[in-house]
Amino acid sequence: MSLAHITVNSDSSHEDRAQAIRDTLRDAIVDRRLAPGTKLSESEVGALFDVSRTVVRAALQMLAYEGLVKAERNRGAFVSNPTPDEARQVFASRRLIEPGVVDAAIGRLTPAAAKQLRDHLVEETRHQHERGPSARRAEIKASGDFHLMLASLAGNAILEKFMDELIARSSLVIALYGRSGVSSCGHNDHADLLDALEAKDAAKARALMLHHLDHIEADLDLRMKEGLALKDALAL
Ligand SMILES: [Zn+2]
């Protein structure tokens with residue numbers, strides 16, 4: 001057994017603290033008080049929350065796992081900053097793949113599946129009427145889930161896997177660069193798309209999907225800008 005196993009702190013209060021710090025940082029990132037690329041120094045975060053660096057490191061690891069933070073060897077942790085080019089490539093890939101998803105989904109849309117999608121739209125609308133960073137996260141997730149439900153309907157496991165990655169990357173890009181307060185996927189876009197799917201109008205559904213993806217991309221603000229200093233962003 002190595003020393004590392006003995007010194008790991010399994011105290012649950014440490015884990016609770018780490019999760020609370022993760023939540024506070026995540027809200028500040030999604031709410032865009034912390035700009036992409038901001039350095040999250042372990043000692044500064046530790047001092048602000050009055051916790052050990054071990055606790056800070058655990059919080060940063062959770063955020064890195066979610067993709068919101070990038071850990072760089074010997075340089076420390078930073079708020080993720082996919083480049084504008086990467087963001088554009090994500091949407092270019094979605095424009096290639098999702099019309100195909102829509103085509104395949106039309107052929108397999110049962111009344112039960114259509115109802116599931118309708119129910120999901122109700123859920124999305126609920127999040128759109130809430131405010132604040134956690135509501136925004138829930139809304140981004142619900143919007144992405146609509147696209148994943150279509151992918152799962154398409155009945156192609158490989159395609160579904162591509163979509164998982166594309167939606168995860170899009171959600172991150174939208175959280176980091178989406179204009180705050182503007183919905184990531186217009187609710188009406190999804191409803192219109194579903195109407196076309198139910199009408200089995202493949203040409204219209206494909207066109208609506210492309211228009212929808214253009215719309216999401218146009219809502220991104222990919223200009224680099226200054227965020228707040230760590231302590232102001234967290235307002236502790
Ligand atoms: Zn959408």
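Length, then width, then depth: along the principal axes, the Cα atoms of the range 29-94 run 44, 24, 18 Å.
A probe of 1.4 angstrom, applied to the heavy atoms of all protein chains, finds Leu96 with accessible area near 150 square angstrom. Remark: the chain carries a charge dipole of roughly 420 debye about the Cα centre, counting +1 on each Lys and Arg Cβ and -1 on each Asp and Glu Cβ. For the range 1-158, the fraction of 1.4 Å probe accessible surface lying on carbon and sulfur atoms is 52 percent.
For a straight C-alpha distance cut-off of 30 angstrom, the lysines reachable from Lys70 (same-chain residues fewer than eight places away being disregarded) are Lys39, Lys141, Lys161, Lys225, Lys231.
A DSSP coil position with no more than 15 other Cβ atoms inside 10 Å describes the following GluC sites (Glu not before Pro) in the range 127-221: Glu130. Think of a 1.4 Å ball rolled over the protein heavy atoms: the chain then has 53 Å² of accessible area per residue. For the set Arg131, Arg223, Arg126, solvent exposure ranked by accessible area (probe 1.4 Å, protein chains only) runs largest to smallest as Arg131, Arg223, Arg126.
The values are calculated or read from the model by the stated rules, or taken from the named source; none is laboratory data. Model, not experiment: these values are computed from the prediction. With ideal geometry, Cβ positions are generated from the backbone for all residues, glycine too; neighbour counts draw on all protein chains shown. The protein model used for the area step is the full one, side chains on, heavy atoms only, and it has no ligands, DNA or RNA in it. Shrake-Rupley method; radii C 1.70, N 1.55, O 1.52, S 1.80 Å.
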